[in-house]
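Peer 1: Can you read through this structure? Questions will come right after.
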Amino acid sequence: QVQLVESGGGLVQPGGSLRLSCAASGSIFSRYHMAWYRQAPGKQRELVAVISSGGSTNYADSVKGRCTISRDNAKNTVYLQMNSLKPEDTAVYYCKARRGGEDYWGQGTKVTVSS
C-alpha cells in the first residue's frame, strides 16, 4: 500500500501559478504510476495529468501547455506545476497512485482561482 498527502493548494489570481505536491509513503514509490485529478463543485472528478513509472506523461486537453507533471523518486513525491491559471481551474486536486490494478488516493488540496 501507499499513503498520499497533497499540499500546495490555495487562492491565486487568474494568470498566476501554483505548484502542487503529493508526498507518498509506505511502498516503493518508483513502481507506481501517478496521476493528478480534480473535482470542481458540482462536477465529476476528471483526469488532469499522468506520469508513468517510467516517466512518460500525458495531459488533459484543458491543461495541455499550462501544466507540467513531474516526479522525484528520491523524494517519493509527484508534482503538478500549474501556470496561467484560469477560474475554471478551481477545484479540489487529488493525487492518485496506481499499481497492479490497485488505486490509492490522497485527501485532496483545494485550488481557488479568483480575483
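The values are calculated or read from the model by the stated rules, or taken from the named source; none is laboratory data. None of the values given here were measured: they were computed from a predicted structure. Note: ideal-geometry Cβ built from the backbone for every residue, glycine included; neighbour counts use all protein chains shown. These accessible areas exclude ligands, DNA and RNA; they are computed on the full protein's heavy atoms, side chains included. Shrake-Rupley method; radii C 1.70, N 1.55, O 1.52, S 1.80 Å.
Peer 1: Within the set of pairs 6 or more residues apart or between chains, which connect a residue that is in a strand (DSSP E or B) inside region 46-58 to a residue that is open to solvent by 50 Å² or more (accessible area, probe 1.4 Å) and not aromatic (Phe, Trp, Tyr) with Cβ atoms less than 6 Å apart?
Peer 2: Cβ pairs passing all conditions: Val50/Asn58; Ile51/Thr57.
Peer 1: Only one residue in Arg19, Arg38 is out of contact with any helix residue (DSSP H, G or I) (no Cβ under 6 Å at 6 or more places or on another chain), open to solvent by 60 Å² or more (accessible area, probe 1.4 Å), in contact (Cβ under 8 Å) with a residue 24 or more places away in the chain and assigned to a strand (DSSP E or B), so which one is that? Write out each step before concluding.
Peer 2: Working: Arg38 fails: open to solvent by 60 Å² or more (accessible area, probe 1.4 Å).
The unique qualifying residue is Arg19.
Peer 1: Which ones in region 63-90 are at positive phi and in contact (Cβ under 8 Å) with a residue 40 or more places away in the chain? Spell out the reasoning first.
Peer 2: Taking region 63-90 as the starting set, the residues that turn out to be at positive phi are 65, 76, 84.
Scanning region 63-90 gives Asn76, Ser84.
Peer 1: With the checklist (1) touching a helix residue (DSSP H, G or I) at 6+ places or on another chain (Cβ under 7 Å); (2) of a type outside the set (A, V, I, L, M, F, W, C); (3) under 18 Å from Val2 (Cα atoms) in hand, flag the one item Ser114 doesn't pass.
Peer 2: Here Ser114 clears every test but (3).
Residue by residue, here is whether (1) surrounded by 15 or more Cβ atoms within 10 Å (Cβ to Cβ); (2) touching a helix residue (DSSP H, G or I) at 6+ places or on another chain (Cβ under 8 Å); (3) at pLDDT below 95 holds:
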site	(1), (2), (3)
Ser27	yes, no, yes
Arg31	no, no, yes
Arg45	yes, no, no
Cys67	yes, no, no
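Peer 1: So, in region 1-16, exactly how many residues are surrounded by fewer than 16 Cβ atoms within 10 Å (Cβ to Cβ), part of a loop (DSSP other than H, G, I, E, B) and not small (Gly, Ala, Ser)?
Peer 2: 3
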